[in-house]
Structure formats: C-alpha cells, structure tokens
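Scroll down for the structure; my scribbles are underneath it.
Bear in mind these aren't lab numbers, they're just calculated from the coordinates by the rules spelled out. The structure presented is a predicted model; accordingly, all values stated were derived computationally and were not measured. A quick note on method: Cβ atoms are made from the backbone with ideal geometry, for glycine too, and the neighbour counts reach across all protein chains shown.
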Amino acid sequence: MSVTVNGKPFDDQPAPGQCLRTFLRQLGHFGVKKGCDAGDCGACTVYLDGEPVHSCLVPAFRAEGREVTTIEGLAQGGALHPMQQAFLDAQGYQCGFCTAGMIMTAAALNQEQKADLGRALKGNLCRCTGYRAVEDAIAGRRDTEDARPGRGVGHNVPAPAGPDVVTGRARFTLDVAIDGLHHIKLLRSPHAHARIRAIDKSAALAVPGVVAVLTHEDAPATLYSSARHETRDTDPDDTRVLDDVMRFIGQRVAAVVATSEAAAEEGCRKLVVDYEILPAVFDPETAMQPGAPRLHDKGPQARIANASRNLVAEMHGATGDVAQGFTAADAIHEGTYFVPRVQHAHLETLCAIAWIDESGRLNVRSSTQVPFLTRLELAHVFGLDRDKVRVFCERVGGGFGAKQEMLTEDIAALAALKTGKPVKLEFTREEQFVGATTRHPMKVTVKIGARRDGALTAIEMHVVSNTGAYGNHGMPVLEHACSEAVSVYRCPNKKIDGYAVYTNTVAAGAFRGYGLPQTGFAVESAIDEVARMIGMDALEFRRCNVVRKGEPMIGLHEAPDDVIYGSYGLDQCLDLVQAALMRGDGDEAPPGWSVGEGTALTMIDTVPPGGHYSDTYIWLEADGTYNMTIGTAEFGNGTSTVHRQIAASVLNASPLAIAFTQSDTDHGGHDTGAYGSTGTVVAGRATQRAAEALRDKLLDFAATQSGVDRAQCKLAGDAVDCGGKTIALGELFRIAEAFVVDLSAHGTTNGIPRSVAFNVHGFRVAVNTTTGEVKIIKSVQAADAGTVINPMQCRAQIEGGVAQALGAAMFEEVVVDTEGRVTNPSFRHYRIPAFADVPHTEVLFARTSDELGPFGAKSMSESPYNPVAPALANAIRAATGVRFYRLPLKPDRIHAGITAAG
Amino acid sequence: MDLNTITAVERPTSREALRVWRDGDAFLAGGTWLFSEPQPKLTRLIDLSTLNWEPLRATGNGLEIAATCTIAQLDGFAAPPGWIAAPLIGQCCRAFLASFKIWNVATVGGNIVMSLPAGPMISLTCALDGELLIWGPDGRERRVAVVDFVKGPVSNDLKSGEIVRAIHLPLAALTRRTAFRQISLQSHGRSGALLIGTRDAGGAFMLTVTASTPKPYQFRFDALPGADELTARTDTTIANNWFDDIHGLPAWRRAMTLQFAREILAELGGGAA
C-alpha cells in the first residue's frame, strides 16, 4: 500500500485490522501518541487529506493513496507552525504527552471553533494543565520570558523540552525503535478470589510467534510490594511477580511473550486456566470482621498488621479527652463521609521496555517516577547485584503518584531474563483501570465540637481505607490521612482511629494528595457545618482555630520532630481567598440558579517522612557551558525547568547554558524519586548545593589563575569577572585541563528536616436546583509555596491540580460492582475533565520564604488538589442547604439530595 | 486500536459484492465504534466506504441520508428554506459526546445501528419520522421506522448479514416546528436525556424521548395536550423503564424528562412550563 506521510511516500502493508495510529508509529512517526486507543483523548490526532481525525479509529488501509500529516510534518521548512510557536510561548503543556494531538487539533480550528473552545476541544484530554495554558496558547498569549543570565529564580523560564514537545520529537518511554523487540501481553484474572490449580500452556505456545508463556512457576518466590519507598519495609511484602492466588478481577495470571502484539494477545486467549474459586469480600468493614474471607495467608515477615482480619495497617492516636471536649461543646457535628476510587488517568499508560545488554546487565526503560528505587527492588526480587540492573526514564507522560509503583518493570524484567529478548509491555487504557492502582477509597466518620465563641473543643475521626487486594501504600496513605487534615487545627482533645483493609478489588496506591484529599473532604465539610451551627463565618472560624507558627501540630501523634515551620503563610492564604471572594468578580449566575460560596484549607508536609535523597553532579564543559545529571524524573511537574533556573541563579548564567540529563541510575548517586512533592524542594536543593560547590571551585581556580583576590571574582554569564579582567569559561576549562584540575561538583540532600505548605480554596457556585447542574462562577486558590521559583509553572501546577481535583469532586468514580468488577474502564465512561469542564481559577501566592527549600521554595505539586472537593461541597451546601457526604457531586446526585431534602 | 483477529478486508464496489456475509464478519462504516473496543470475535471487515453512496439527497419527498453519510456531511447540509425542522440536525450533531474530528469519520447509519440510548442520530431520525431502508444478504429490501428499529441498548431489529442502506426523512416531518432539550452530567457529555418536540401546521404534537430510556419512546397527540396530560402519559407509558448507567441515575433521568416535556410543550405553544 502506498501512502504519503508528511510529504514523503511510503510503501508498506498494514495488517488488515491495524489502525492508522500504530501503522504511523511503525513507520517511525512517534509523535503520534496513544492515550486511550479508543477515540476519546485525541492524543493520536493526525490529518488525513487535511482533515483532523483520531488515527486510533481509522483503519490503516483507508490511508491508501492518501496524504497523512503528523505533528512531525506540521512545521514547514525550518519554521515552526504558528500554533507550535504559540504552545511554546504560552507553555501550553506540562508532561507534553497530549500536546501533539492538541496542537494538531488547535491548528485545524476555524475562527468559529476558536470562539467556542469548550466544544472544539472536547475530543482532546489533558490531565496536567487544567487547559488555561492551552487556552493562552490558542489565544496567542505569551507567558514565557526569554532566557538570559540573571533571569533564573523568580522568572518564567520556559521548559527545556519545549521545542521537542511541540514538534513531537520529545521521546517518551515507547518512542524508540528497537530491533527484534518482543511484546508482552498479560492474561488477567476473571475471578475476584481464586487459586490456580493448573495452567495449560500448550495451545498458547503453539501460536506462531509466541516465544514464552510465564506463570507463577516461572516467577521468583520473593515477595515484595509494588509501592516504592526509600525504606522498603514501609510497605508489606504481599506481592509476587506472578502469583498462584488471584485476589482481584484483573490480577495478572500469566504473561505471554511473542514477536508481535497480535501473537501475544492470541496466546493469552489460548491459555487454559483451571481455577479453584474462593470466597471473596469487597466491603472493607465486612473484611475486618472475624470470619471474613482472608486475602493474605502470610506471616509476620510480610509486615501485615493483622492478616487474619485483613488489616494491612491500623493506627490509633489521642490527645486530651474527647468525651470531655464534646461535653464542653455548644455545637457538635457528626457525619460519615465517603470518598470513592478515582484513577490517575495520566495520558501515557504504564509501560516499560527491558533488555539484557552485551555485558549481561538488565536494562529497563520505564515510565516511572522512581527509577532508582525500582532498580533496587528489581535487584532484590530477582536476586541480582544492583550493578547488574539499570533503570531509567526519559520523558514520562504524567504520573500523579501512579508511577510510584513497580507494575510493569517486574514483568518486563522477568520476560527479558527468561527469554533473553528485548521486550515491551504497554498497558491498555482498560488495564489502567482494572490492573493498575487507584486512589484509596475511604469512609471517614468525623465528629467535631466547638464553643459558641469559636473555639474547637474536640475532634474525633474514624477512618476506614480500602487498600484493595494489595497493601501498597496502604499504611503510609492512612498515616498521612490521619495527620495534617487534623493537625492543622489547634484543639485540646483529639482522637483518631484508622484502618487500612484488604478487599478483593483492584489495589489502591499512591495518588496525588496521598490520603489528605479523603480526610480533608470530611474534616473541612464538618468544619463548615460547625461554623454554621455556631453562626460564625467559616473562614473566621478557621482563623480562630488553625495552628500558628511554632505551635505543635498534633494529628495521629504530635508531628515528628523533623517537621518544622520553615515558613508560615496560612494566615495570608485565608485573607487572600476571603478578599478575592469579597471582590465579587467572576461570572454572572444564570437567572434563577441558587448561589453559594464555600472554602476549605489544607496543610501538607513538604517532604515524605523518613528521609528523601537526591544527588546532582555538575561540571563545566569545554565550550564554557555547564552540564549536569539530576536524579529526579520529569513527568510534567516542570522540575527540570526549576533545576536549570536554580543552577543558573547560582552560577549567574543563562538557563540555556545549562544542559542536563536525568533520571538514570547509570548517572550514579541516589534519588529517592519524584514523589511526595519533592522534585523542587529536595532534588532542587541537591542541584543548588552542586551548583554552589562548582561556583566556589570556579572562583577559587579563577582567582588563583588571575592572581586577583577571590573576593573580587564573580561569575558573569559565560565568563568569570576577576576584578574587571574577564576569563571566558571555555578558557578556564582549557587551563584547568592543562593543570589537571577538576571543575565538577556534587550536591546531595536527605530531605530532613521538613516544612509545611498551605493551600486555601474558595468557590462561588450557582446551582440549578431543578436539574442539579453546578456552574462554578468564581474559583480562587491561595498557595503558600514559599519563594516561587517559576511563577508561570507554579500557577499552571496549581491550575492543573485544581482541574484534576474538580474531576474527582464533580464526576470521576471508578465503579466496582458487587462481584468486584470495574464497570467503567474507559475514558468514555470514566470522564476526566475536558476543556469545558474547567473554570478559570485565580491563583494567588502568599509572600513567604522557607528556611529549608532551595531559595526559600516549598513544594506545590500535590497540595493544590487537596482543598478543592470540600470547598466545592461547602459552596453547594451554601447554595442548596443540602450537605453532601459523598463524592462525586454529579448533577444526578445533587438533584437526588435536593429532592430528598424536600 | 488494532483489531488483531482481523485477517481480511473486503472492499466491495457493488451491491452484488456485498453478499459475502459469514460469521465473524462486520460491516465497517466509519469504524469509530468498531475500532474503539477489542473485537476478538471478528475475523473480517467488509468496508462500506468503497460503495460510494451519495451521502445526502434532498428530493420533493424529503431527505435521503445514506447510512455512510458522515456526521460532518450531515451537519454541513444546507436545507431548503421551507424545511424549518432543519436546525434539529445541528442540535443533534452537537449532542454527540464525540468531537468534530470524529464527525469527519463517524456515520449516521453507524450511530443508529449501534443503538445506544444516547445515540443522537436516533433522536434526530425518530423525531423526524425517519424510516430505514435495509438490505438483506439475499438481495431483499425492507423498511422499518427508526423508532421501531431500536430495541434497547446495543440491541436492534437488524438480522445477521443485513445492512442499513439509507434513512429517509419525509418532507412532512421536515416542515414541522421543533423544540429540543438535552442534558448530560458534564459539559458536552453523553446525553442523560434528549427530548424533541414537533408540531405540524395542523397542530398535531409529537414528543420523542431518547437517552433517558433504553429505547426511544414517542407520544403523538392530534392537538396540543395539557402539560399534566403529557407528563402523565409519558411517565405511565415509560413505567419506570428509565435507563440506569454511570451517565445518569434513573430518578434524575425521569425528572429531567418530565421537566423537558413541559418546557417543550410550552415552547411549541402549549402553556407555561
């Protein structure tokens, strides 16, 4: 078949049922992405004879004799297409995985479509940005600044990967052509709880192209957790690469390795598995009862708190006497709140490529937030020396916590080790819902008492977290959930009980906010109710009761000693949101709709507990520029921009003069990983220290060479100014080389101690009480981010967090039926916010500077998500008079609530 | 997505060449549903696009829409001035969950044959008294009203080997006044209720209920009914057969349906909503 792609003729025959998307990638056009493979997300948008189409839905054979344009062919000659330039100027992307499809679509819009972007972009999903930056790009607004020496910290420096992202050249995990690549497909369990009696592989092995079928008989006996933490005993050892017990519908039964995906799929269909069905339990409170089906028959070495009662973790804490506190209260609110499962919905599905190199070393190229920790665990599980394992990533297409797990690398490693072939495993979008992880659903009963004068007298909270079939992140998520949501309030009497429970459902895992969105929804809703009961404005009530700088932070326990107030901006955040709501701007409410305002706050520790490590190596290059290796991964969080800015500020250089590579265990050192909001505050600190050490070396050497007093020497762009005499950095490099002087440096950090960051959100909503529809007419978030290193990026990070949280607040829910099956495993039925669903959010920053973070910065990646759902529920409460105890707040449920309330 | 069990594609150019149907076959129109889900039972695709059917033909009898007419082609249709029902076409096209890029490929026939409750081409063609022309594998033809064709979610009157050739909208329906209401749980989301009212020059009123029910319902009145009469008949006839899935609770769908019925009646001249 002949087809023209980007003006170049190709002659190749697609498979009869092949779609255009995979055919174009097969021809080397890796800019064409897979987000859903079902026509919902638009990441694969190309032009067919000039018309934009979703190439995953177009049969490849229909391209015969036609012209296809991909993102790689959009630029004409040397110049970018104006829309590509616009996305660069506005930085209309974060991870960049959806960007090719977004630009292809935007570039095809006519004026009428551009006037209604909500409709025109409904077929393009972005999980990172919240779409404001996309809107800026299409409107031709410029948000980036030119890079220049002296414009480091505090400036809107553009992301280094921008030119590659907008042209489709940025290499995500699977955007590489590897000779002889084999494909893995997973057979997944149809039963919620079953023991495998036997697997007949013969028919599968007879499928042409199938080279191996791997089952529990091939997998190491070593137990581990898919969760990755700095200390591996944070999580229970309850998982095998392939197990002989199935504990949820969707658990992997076997892996088929074949020369093509088609053969691997056929091999899976040909496997015959004999299951012994076991009783299953789906409700966590039932699962805790004596006599409930037991999921894990494992001893204390597995570190499961109480395996016979399906408790992966249990925790209790108290201060004062809550009974006395409630007696002293003038008003008490008690309510049971439920926060369901949601999925991260990063656009790049989980995927990995593994191979054994000439030296016999296992290499894994993965879509991960934690390459270093994954290497350590692969070495542990497969009994390899850690030097025999390399894990790395280039650009990662979104994470949100989902990639703080080892869910593909273990299988890929097993397949590579068993077959000796290079192998690829790529999750389908459906597998993301049935076989990856979700947020922990939690049922939270909270009881709060206060005196009429506004003083809290008691807080009691009972949390049941459903960790699913495996305990990855079960304990630390619960611990976090039982901490900051309560410890942000000063109250003499507190009692907290928490349980994380196994059930025969898809495993929960790390998710942006890490437990705080769940308990925050309950506590902030209850605070709002108590304020109403005592007749006090909810913000004023919070102001009366929040911890102030220096006061103990008491949740489950008194905050660990390493959490300090490196800075405190909560008071400013409360004031900023109040002032913004009082301003009365925003959209008009539609006539006849009820209007209400609501707020909520959140506090977050800036770094996970127990140490968080990072290393940066930096050196001077022969041409007088700098180069560095940084451990932390880039998945749209913008940290690579920040690292460049930090180094540029320290070295007084242009950010463009600082090259870097990242997230590769071969670079040496250690990096705990890009999780827990650490990419700037921990890893950035390592880069700052490395750059400072290099600066000192450069100045020392320049002083020696020039004979000028060290105090008179300073870095000035691409030279050192030694008391008016300049030495070009390239010249300095040559001199150093001649003298065998090393001009490189190393910086490291351990993430101890930690600070706290704050976010306050406010909404004004209009509710149509007839239909249950909600229109957000004003949205404002104030953030205490310390020094904002890149205002454009930090604002975008907050907007993206608000958008993702609005999805969870307004309509996202992974529905599990009574047999444990996920019933909506696609973007068509699990809707994530599209352009039209996300209002503009006014982003305001408190003026603080943290004593711990680099240049005074604090983390701002997870936390913008956390106050959104309760602020929305409180606004809807104000508009309708109805308190909603369960997320999401969809029109049909709001309608039901209003109807029930009469 | 790749449909890896497909081993062959037929690209017929004549009606005779269509008569090759066997188990494991699927007729391929736009492909926007077929390629959006795994189809492990299929082994062959029969491509309808090579038949080159004229997408739209306006005649003195009404509008003939080829099953393979794309949503974009239908949306671009310039109706004769007297066809005052024509704005419904744009309203129903905009009720798709799918984006304009899908419109370039997805077909009117495909949407009807999918027979999902929220299929807006079902809403459109039901409300305009649409009739399907169906070709059998034996060369026979039959006609069936769209409202009778759709039996329930992903269930219809099409028998093995049959295809929908065209949809006919009669002139009489195209010259009626219309009113349209639609709601979904998200902005531009999948319809939870989609109602269309029509009123002809003689005063006859018809209400078509889709999306909130597993299959379309139609209520005909020779003259405008009272609001209570309309909602009572709607509610009694549907008799709790409200559709229940993640795109809307049954109670909400019922309330929206009855509310929209009143609004439509009011808009077409039958008293206050």
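Would you mind calculating the relative contact order of region B:186-230 from Cα pairs under 8 angstrom and at least 6 residues apart, reporting the percent as a whole number? It would help to have the intermediate numbers written out before the result.
Working: 59 pairs, mean separation 13.9, N = 45.
This gives 31 percent for region B:186-230.
Would any residue of region A:246-290 have its amide N under 13 Å from a label point 7 Å out along Cα→Cβ of A:E819? List them or say none.
It comes to A:249-250, nothing else.
Please list, in chain and number order, the residues 5+ apart from A:V391 or on another chain whose amide H is under 5 Å from its amide H, with Hs placed from the backbone.
Under 5 Å from the amide H of A:V391: A:V364, A:T665, A:D666.
Could you work out the relative contact order of region A:614-749, using alpha carbon pairs under 8 angstrom and six or more residues apart, expressed as a whole percent?
Numbers: 265 pairs, mean separation 47.6, N = 136.
Reported relative contact order: 35 percent.
Taking Rh as the Kirkwood radius computed over C-alpha pairs, what is the Stokes-Einstein D of region A:614-749 at 20 °C in a medium of viscosity 1.002 mPa s, expressed in µm² per second?
144 µm²/s
List the aspartates and glutamates whose alpha-carbon lies under 15 Å from that of A:K443, not counting same-chain residues fewer than 8 positions away?
A:D283, A:E285, A:E314, A:E334, A:E460, A:E479, A:D497, A:E524, A:E813
Among rounded, prolate and oblate, which fits region A:109-257 when a ≥ b ≥ c are the square roots of the eigenvalues of its C-alpha gyration tensor, a/c under 1.5 means rounded, and a/b larger than b/c means prolate?
Details: a/c = 2.47, a/b = 2.04, b/c = 1.22.
Prolate, since a/c reaches 1.5 and a/b exceeds b/c.
About the Cα centre, and with charges only on the beta carbon of Lys, Arg (+1) and Asp, Glu (-1), how big is the dipole of region A:311-432? Nearest 20 debye, please. Could the numbers behind the result be given before it?
Details: 13 positive and 17 negative charges, 148 e Å.
Dipole magnitude for region A:311-432 comes out near 720 debye.
Net charge near A:T787: determine it from the other residues with C-beta under 9 Å of the C-beta of A:T787, scoring Lys and Arg +1 and Asp and Glu -1. If you can, show how the numbers build up before the last one.
On the way: positive: A:K858; negative: A:D850.
Around A:T787, the surrounding residues sum to 0.
Any idea what the relative contact order of chain A is, in percent, if you count C-alpha pairs under 8 Å spaced at least 6 apart?
Details: 2400 pairs, mean separation 130.3, N = 902.
That works out to 14 percent.
Return, ordered by residue number, the residues of region A:465-497 whose backbone nitrogen is under 15 Å from a label point located 7 Å along Cα→Cβ of A:R451.
Backbone N within reach: A:490-493.
Each label point is 7 Å from the Cα along the Cα-to-Cβ direction; what then is the distance between the points at A:H670 and A:D385, in nm?
Calculated label separation equals 1.9 nm.
Using bins 5 angstrom wide from zero, how does P(r) for region B:8-47 break down, in % of all Cα pairs?
Taking every Cα pair in region B:8-47, the percentages come to 6, 24, 32, 23, 11, 4.
How many times 2.2 N^0.38 Å is the alpha carbon radius of gyration of the protein assembly as shown? Intermediate values should be presented prior to the final figure.
On the way: Rg = 30.7 Å, N = 1175, 2.2 N^0.38 = 32.3 Å.
Taking the Cα Rg and dividing by 2.2 N^0.38 Å, one obtains 0.95.
Can you give the FRET efficiency for B:T237 and A:D12, using 1/(1 + (r/R0)^6), R0 = 56 Å, r = Cβ-Cβ distance, to the nearest 0.05?
Values: r = 56 Å, r/R0 = 1.00.
Plugging the Cβ-Cβ distance into 1/(1 + (r/R0)^6) gives 0.50.
What is the gain in length, in nm to one decimal, between A:S359 and A:A79 on full extension, counting 0.36 nm per residue of separation less the C-alpha to C-alpha distance? Walk me through the intermediate numbers first.
Details: separation 280, 0.36 × 280 = 100.80 nm, distance 4.30 nm.
In short, 96.5 nm is gained.
Helix-only mean residue ellipticity at 222 nm, chain A, DSSP H runs n ≥ 4 weighted -39,500 (n - 2.57), per residue, nearest 500. What is it? Display every interim value, and only then the final one.
Values: 25 runs with 241 residues, N = 902.
Rounded to the nearest 500, it is -7500 deg cm²/dmol.
In Å, what Kirkwood hydrodynamic radius results for region B:177-269 from the alpha-carbon pair distances? Before the final figure, lay out the partial values.
Details: mean 1/r = 0.0764 Å⁻¹.
Value: 13.1 Å, from the Cα pair sum.
Using only the Cα atoms, what convex hull volume per residue in Å³ does region B:1-132 have?
Details: hull volume 15.7 nm³, N = 132.
Hull volume normalised by residue count: 119 Å³.
Once you put a point 7 Å from the Cα of B:E229 and another 7 Å from the Cα of A:L181, both along the Cβ direction, what distance in nm separates them?
Here the modelled spin labels are 6.8 nm apart.
I need A:L887, B:L171 ordered by Cβ neighbour count within 10 Å, fewest first.
On the way: A:L887 26, B:L171 15.
Lowest to highest Cβ neighbour count: B:L171, A:L887.
Mean Kyte-Doolittle hydropathy of -1.0 or higher plus an axial Cα length of 24 Å or more: which whole DSSP H helices in chain A meet both? Don't skip to the end; give the middle numbers.
Details: long enough: A:516-533 (25 Å, 0.27); A:683-706 (34 Å, -0.45); A:791-810 (28 Å, 0.33).
The qualifying helices are A:516-533, A:683-706, A:791-810.
Can you list the GluC sites (Glu not before Pro) in region A:176-266 that are in a DSSP coil and have 16 or fewer other beta carbons within 10 angstrom?
Taking region A:176-266 and a limit of 16 other Cβ atoms within 10 Å, the loop GluC sites (Glu not before Pro) found are A:E217.
Report the FRET efficiency, 1/(1 + (r/R0)^6), for A:A318 and A:D116, where r is their Cβ-Cβ distance and R0 is 51 Å, rounded to 0.05. Let's see the in-between values first.
Numbers: r = 55 Å, r/R0 = 1.08.
With R0 = 51 Å, the Cβ-Cβ based efficiency is 0.40.
Which part of region A:775-790 falls in the paramagnetic zone of A:D585, meaning amide N under 18 Å from the point 7 Å along Cα-to-beta-carbon?
A:776-783
Which lysines have a Cα less than 26 Å from the Cα of A:K114, not counting those fewer than 8 places away in the same chain?
Answer for A:K114, where 26 Å is the Cα cut-off: A:K33, A:K34, A:K122, A:K775, A:K778, B:K101, listed by chain and number.
Can you pull out the GluC sites (Glu not before Pro) in region A:57-162 whose DSSP state is coil and whose Cβ has at most 16 other Cβ atoms within 10 Å? Numbers along the way, then the final one.
Working: sites: A:E64, A:E67, A:E72, A:E112, A:E135, A:E145; in loops: A:E64, A:E145.
In loop regions of region A:57-162 (DSSP not H, G, I, E or B), the sparsely surrounded GluC sites (Glu not before Pro) are A:E64, A:E145.
So if each residue of separation counts as 0.36 nm, and I subtract the Cα-Cα distance between A:D562 and A:D709, what length gain in nm does that give?
On the way: separation 147, 0.36 × 147 = 52.92 nm, distance 4.05 nm.
Roughly 48.9 nm would be gained on extension.
Can you pull out the GluC sites (Glu not before Pro) in region A:317-399 that DSSP calls coil and that have at most 11 other Cβ atoms within 10 Å? Mind showing how you got there, number by number?
Details: sites: A:E334, A:E348, A:E358, A:E377, A:E394; in loops: A:E348, A:E358, A:E394.
Within region A:317-399, the qualifying GluC sites (Glu not before Pro) (loop, at most 11 other Cβ atoms within 10 Å) are A:E358.
Identify all aspartates and glutamates with a Cα-Cα distance to A:K421 below 14 Å; exclude those on the same chain that are fewer than 8 residues away in sequence.
Reachable aspartates and glutamates: A:D179, A:D357, A:E358.
Can you sort A:T336, A:T99, A:T749 so the residue with the fewest Cβ neighbours within 10 Å comes first?
Numbers: A:T336 14, A:T99 33, A:T749 25.
In order of increasing Cβ crowding within 10 Å: A:T336, A:T749, A:T99.
I'd like the projected area of region B:54-172, averaged over all directions, using the convex hull of its alpha carbons. Report it in nm² with one decimal.
Spelled out: convex hull of the Cα atoms, projected over all directions, averaged, 7.0 nm².
Given R₀ = 22 Å, FRET efficiency for A:D623-A:T726 by Cβ-Cβ distance, to 0.05? Display every interim value, and only then the final one.
Values: r = 16 Å, r/R0 = 0.74.
Efficiency for this residue pair is about 0.85.
For labels at B:A79 and A:E145 in the simple 7 Å Cα→Cβ model, what's the distance in nm?
5.6 nm
To the nearest 20 debye, what charge dipole does chain A have about its Cα centre, counting +1 at the Cβ of each Lys and Arg and -1 at the Cβ of each Asp and Glu? Write out the running numbers ahead of the final one.
Numbers: 86 positive and 105 negative charges, 175 e Å.
With Lys and Arg at +1 and Asp and Glu at -1, about 840 debye.
In whole Hz, what ³J(HN,Hα) sequence does region A:506-513 give by Karplus (6.51, -1.76, 1.60; θ = phi - 60°), x for Gly and Pro?
These are the phi-based 3J(HN,Hα) values: 3, 5, 7, x, 5, 8, 2, x Hz.
Output ³J(HN,Hα) for region A:620-634: one whole-Hz value per residue in order, computed from phi by the Karplus curve 6.51 cos²θ - 1.76 cosθ + 1.60 with θ = phi - 60°, and x for Gly and Pro.
8, 8, 4, 8, x, 9, 10, 9, 8, 10, 10, x, 6, 8, 10
With a ≥ b ≥ c taken as the square roots of the eigenvalues of the C-alpha gyration tensor of region A:1-146, please select rounded if a/c is under 1.5 and otherwise prolate if a/b is larger than b/c or oblate if it is not?
On the way: a/c = 2.05, a/b = 1.68, b/c = 1.22.
Prolate is the answer for region A:1-146, as a/c is 1.5 or above and a/b outweighs b/c.
Calculate the length of the line joining the C-alpha centroid of region A:539-574 to that of region A:324-402, in whole Å.
29 Å
Can you list the residues, at least 5 places off or on another chain, whose amide H is less than 5 Å from the amide H of A:G35, using H built in the peptide plane?
So A:G35 has HN proximity to A:A43, A:C44.
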